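Enquirer: Once you've had a glance at the structure underneath, I'll fire off some questions.
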Amino acid sequence: MNLTVFQDLRALRAQPAVLRNFLLVDAGVQLASLSAWVVLPWWISSRAGAAALAIYGSAVAATTLLAAPLVAPLGDRVCKTRQMQWSLAVLLAVGAAMAWLAASLGFNLAVLLVLAMVQVVAGTVADQARANMVQELVAPDTLPKAIRLRKTSQSLSGMLGPVLAGLALGVAGIAGAWFVYVVLLAVTLLFALRLPVLEAATTPPAGLRHWWQALQSGFAAKWCMPMERGWTAVNFLVWIFQGPAVGMLIPIKVLSLGLTGAWLGYALSALSFGVLWGSVWGSDALVRHLGRYRVRLGLGVCEGLALTLVGCATSAQWMLIALTLAGFCNASLALVGATHRALAIPQHYRVRLFAASSMSTQIAGTIGPALAGLALAQWSIHAVYVAFGLLMSTSVLGFLWVPRLREFLTLGHHEVVDWYGHQYPNIFRHP
């Protein structure tokens, strides 16, 4: 039976305190991150235009790409709770610096880029820790419910974050919006201090060479599994076009329609509402009627078409409707197969494979904004948005050629626990 938002919130109260605290921290990070994603792109695009925003997007993606191999092995060897606490403290300091810059010095792209890159490194550590933490806090049979609760809480915070930032921009300006960001992170850090210490899986890190070897082992394992290799390749191609369409192109689209910064908050909230709608009501019903494989393939194509409609929109209302549809497709697409993929990986390799996937995504994330910036120099935002939406839909069709994907997605949750380990025992023999 599908869960409503209120049923999910009641279910959250029934969970162990440690899982509740984690979900509050996870939602707080999401809330603050999306608040920043409204304020910073709007600050840059409204003061320096699309070219500066493309530089910012590429710089952030490139920094994440460089940060990924450095922080990847930390998840296996350093307490995830400590990672969360340290990274939140750094993000809090960066937010305070942003607020001071906006209040005292005004706009300075070079300083913003430096602060943004520090923010990315700290955010990469936090994201890696929270992405893999839930698997260690719950038993395998309750993991699907925990993932759903996490998705619901993230969707709620995803709606509130942009709205809160948009309201702050309208009432208190950019400096006031950064102050709100700082307060959100401070509260989140207080909850993070209540999380339990988790034992590291292996010995402490032995330096950069050891980190690189751990990352290589993740890539090597991924390459030796045809389905995982194909899945990653399709995701890579999709994200080149999907990333800008749900990211840097949105504030430029809002500006092209002559709207204020508050409308950027509404636009991202519409996207998040679609994610909530899809995660709570959409995915289960669609999977029951169509199966996981058809849902993952079909909704991926539909998301690209919805983003194409965003590019075609000539009013704020149509833009919000199209973004809501894109969010719905994105949520169902993300949920279908996510639990399977997490459970299929042996626990001692999850962080390494996640790091390899994340690095692949970040390479695509570096290419995407650069392509968007080059395209915007030649064509209008409407034409570029339409092209990126259509190219995303076409790229999703690559899932048709991923080996054994249909077979894998028809298995039950209990059947896929350590599935990769059973199918490829030689790859996961050593921790």
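The values are calculated or read from the model by the stated rules, or taken from the named source; none is laboratory data. If you're wondering where the values come from, they're calculated on a predicted model, not measured in any experiment. Because the Cβ atoms are built from the backbone with ideal geometry, glycine has one as well, and the counts that use them run over all protein chains shown.
Enquirer: What number of residues in region 346-396 are in a helix (DSSP H, G or I) and more than 15 Å from Gln128 (Cα to Cα)?
Expert: 30
Enquirer: Which of the residues belonging to region 102-115 are closer than 22 Å to Ala61 by Cβ and part of a helix (DSSP H, G or I)?
Expert: Leu109, Ala110, Val111, Leu112, Leu113, Val114, Leu115
Enquirer: Do we have Ser315 as of a type in the set (Ser, Thr, Tyr) and either out of contact with any Leu (no Cβ under 8 Å at 6 or more places or on another chain) or closer than 25 Å to Ala59 by Cα (or both) here? Give the steps one after another, and end with the answer.
Expert: Values: of a type in the set (Ser, Thr, Tyr): yes; either out of contact with any Leu (no Cβ under 8 Å at 6 or more places or on another chain) or closer than 25 Å to Ala59 by Cα (or both): no.
Judged against the criteria, Ser315 is not a match.
Enquirer: Let me ask something else. Checking the condition surrounded by fewer than 18 Cβ atoms within 10 Å (Cβ to Cβ) and either of a type in the set (S, T, N, Q) or over 21 Å from Arg292 (Cα atoms) (or both), which residue from Thr410, Thr324 passes?
Expert: Result: Thr410 is the single residue among Thr410, Thr324 that is surrounded by fewer than 18 Cβ atoms within 10 Å (Cβ to Cβ) and either of a type in the set (S, T, N, Q) or over 21 Å from Arg292 (Cα atoms) (or both).
Enquirer: Quick one: is Ala99 at pLDDT 80 or above, over 28 Å from Arg47 (Cβ atoms) and in a helix (DSSP H, G or I)?
Expert: Here the answer is no, as Ala99 does not meet what is asked.
Enquirer: Select from region 325-345 the residues that are assigned to a helix (DSSP H, G or I), more than 18 Å from Phe241 (Cβ to Cβ) and hydrophobic (A, V, I, L, M, F, W, C) and list them in ascending order. Show your work before the answer.
Expert: So the first thing to find is which residues in region 325-345 are assigned to a helix (DSSP H, G or I), and the list is 325-335, 338-344.
Restricting the remaining residues to those that are more than 18 Å from Phe241 (Cβ to Cβ) gives 328, 331-332, 335, 338-344.
Phe328, Ala331, Leu335, Ala338, Ala342, Leu343, Ala344 - these are the residues of region 325-345 that are assigned to a helix (DSSP H, G or I), more than 18 Å from Phe241 (Cβ to Cβ) and hydrophobic (A, V, I, L, M, F, W, C).
Enquirer: Taking the criterion of being at pLDDT below 90, of a type in the set (Gly, Ala, Ser) and closer than 30 Å to Gly49 by Cα, would at least one residue in region 333-344 satisfy it?
Expert: No: zero hits.
Enquirer: With the condition kept exactly as written, say whether any residue in region 34-48 is surrounded by fewer than 20 Cβ atoms within 10 Å (Cβ to Cβ), more than 30 Å from Arg20 (Cβ to Cβ), more than 17 Å from the chain's Cα centre (by Cα) and not hydroxyl-bearing (Ser, Thr, Tyr).
Expert: The answer is yes; a qualifying residue exists.
Enquirer: Please verify whether Val118 is of a type in the set (A, V, I, L, M), assigned to a helix (DSSP H, G or I), out of contact with any Lys or Arg (no Cβ under 8 Å at 6 or more places or on another chain) and over 15 Å from Leu24 (Cα atoms), treating the condition exactly as stated.
Expert: yes
Enquirer: Restricting to region 254-286, give me the number of residues that are over 24 Å from Leu156 (Cα atoms) and not polar (S, T, N, Q).
Expert: Going residue by residue through region 254-286, those that are over 24 Å from Leu156 (Cα atoms) are 255-259.
Keeping just the survivors that are not polar (S, T, N, Q) gives 255, 257-259.
Final tally of qualifying residues: 4.
Enquirer: Separate question: If I ask for residues that are under 26 Å from Ser358 (Cα atoms) and out of contact with any helix residue (DSSP H, G or I) (no Cβ under 7 Å at 6 or more places or on another chain), which ones from region 248-273 would you list?
Expert: none
Enquirer: Filter region 14-43 for residues that are closer than 24 Å to Ala99 by Cα and of a type in the set (Phe, Trp, Tyr) and give the result.
Expert: Residues satisfying the conditions are Trp37, Trp42, Trp43.
Enquirer: Pick out the one residue from Val94, Val187, Val171, Val180 that is surrounded by fewer than 18 Cβ atoms within 10 Å (Cβ to Cβ), modelled with pLDDT of 85 or more and part of a helix (DSSP H, G or I).
Expert: On inspection, the qualifying residue turns out to be Val187.
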